[in-house]
């Protein structure tokens, strides 16, 4: 797909990886980028960028965006949250906390994909990008519900790829480990810059690639999916 002259919509675009996606698209020649955030005032003022209000967990927001932005040819589902809610809690889980990650990381992607698939079709097919994670494939202590939401989003991405292929829409799944953003600011580990991730994804769109393994850990884990269960269920799995 030719990025030059395209019109993109990026969710969670006000900081971190979302902001990097916006910049990478502009650098590649996108004509316009709709930068979506719950509070569009946090997006800032950049040439070629139109901040828009969009909470992917709000059906009214999603419907309004699809009605208003019918020129979109690229959708990047980047918005995501990590709440580190435990799986087993004495006295029972907090249902709101337990559902929060699934609402954003899975149902938000599902809602946006359904709303914009017809628009992408009408505009020649375009591309739909889902920001997943290496945690789509493994679970670490304290982030099991986040992993579950990303595993669901990975499965959804595979289904969308099959369903939207006939209309000419490229569906791209992006997996990465630690990205140097606020989400993992407390983690002491080697991290990939948001701009490096975004540049890889934009290049993948241009090349028609359906999957991006954006760092060494995502490539390592993906290669190990065929290993014996004792390997990927090990206590020190990473």
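The values are calculated or read from the model by the stated rules, or taken from the named source; none is laboratory data. Everything quoted here is computed from the prediction, not taken from an experiment. Cβ sites come from the backbone with ideal geometry, for glycine too, and all protein chains shown count toward neighbours.
Tell me, yes or no, whether segment 28-41 has at least one residue that is touching a residue at least 60 places away in the same chain (Cβ under 8 Å), surrounded by 17 or more Cβ atoms within 10 Å (Cβ to Cβ) and on the phi < 0 side of the Ramachandran plot. Checking segment 28-41: at least one residue is touching a residue at least 60 places away in the same chain (Cβ under 8 Å), surrounded by 17 or more Cβ atoms within 10 Å (Cβ to Cβ) and on the phi < 0 side of the Ramachandran plot. Condition first: closer than 22 Å to residue 211 by Cα, modelled with pLDDT under 95, touching a helix residue (DSSP H, G or I) at 6+ places or on another chain (Cβ under 9 Å) and not in a loop (DSSP other than H, G, I, E, B). Can you find one or more residues in segment 5-16 that meet it? The answer is yes; a qualifying residue exists. Residues of segment 160-178 that are within 18 Å of residue 222 (Cα to Cα) and in a loop (DSSP other than H, G, I, E, B): 176, 177, 178. Does residue 80 satisfy the criteria of being surrounded by 14 or more Cβ atoms within 10 Å (Cβ to Cβ), closer than 19 Å to residue 168 by Cα, touching a residue at least 40 places away in the same chain (Cβ under 8 Å) and touching a helix residue (DSSP H, G or I) at 6+ places or on another chain (Cβ under 6 Å)? Here the answer is no, as residue 80 does not meet what is asked.
Scanning segment 201-208 for any residue that is part of a loop (DSSP other than H, G, I, E, B), more than 25 Å from residue 14 (Cα to Cα) and in contact (Cβ under 8 Å) with a residue 60 or more places away in the chain turns up at least one such residue. Residues in segment 126-147 that are more than 22 Å from residue 18 (Cα to Cα) and without any contact (Cβ under 8 Å) to a residue 60 or more places away in the chain: 141, 142, 144.
Within segment 47-63, the residues that satisfy the criterion of being in contact with a strand residue (DSSP E or B) (Cβ under 8 Å, 6 or more places away or on another chain) and assigned to a loop (DSSP other than H, G, I, E, B) are 48, 54, 56. Please go through segment 189-221 and give me each residue that is closer than 16 Å to residue 78 by Cα, out of contact with any strand residue (DSSP E or B) (no Cβ under 8 Å at 6 or more places or on another chain) and buried (at least 19 other Cβ atoms within 10 Å of the Cβ), ordered by number. 198, 202 - these are the residues of segment 189-221 that are closer than 16 Å to residue 78 by Cα, out of contact with any strand residue (DSSP E or B) (no Cβ under 8 Å at 6 or more places or on another chain) and buried (at least 19 other Cβ atoms within 10 Å of the Cβ).
Would you mind finding the one in 168, 108 that is out of contact with any helix residue (DSSP H, G or I) (no Cβ under 7 Å at 6 or more places or on another chain), in contact (Cβ under 8 Å) with a residue 40 or more places away in the chain and either surrounded by fewer than 18 Cβ atoms within 10 Å (Cβ to Cβ) or within 20 Å of residue 24 (Cβ to Cβ) (or both)? Working first, answer last.
Values: 108 fails: either surrounded by fewer than 18 Cβ atoms within 10 Å (Cβ to Cβ) or within 20 Å of residue 24 (Cβ to Cβ) (or both).
Criteria check complete, one pass: 168.
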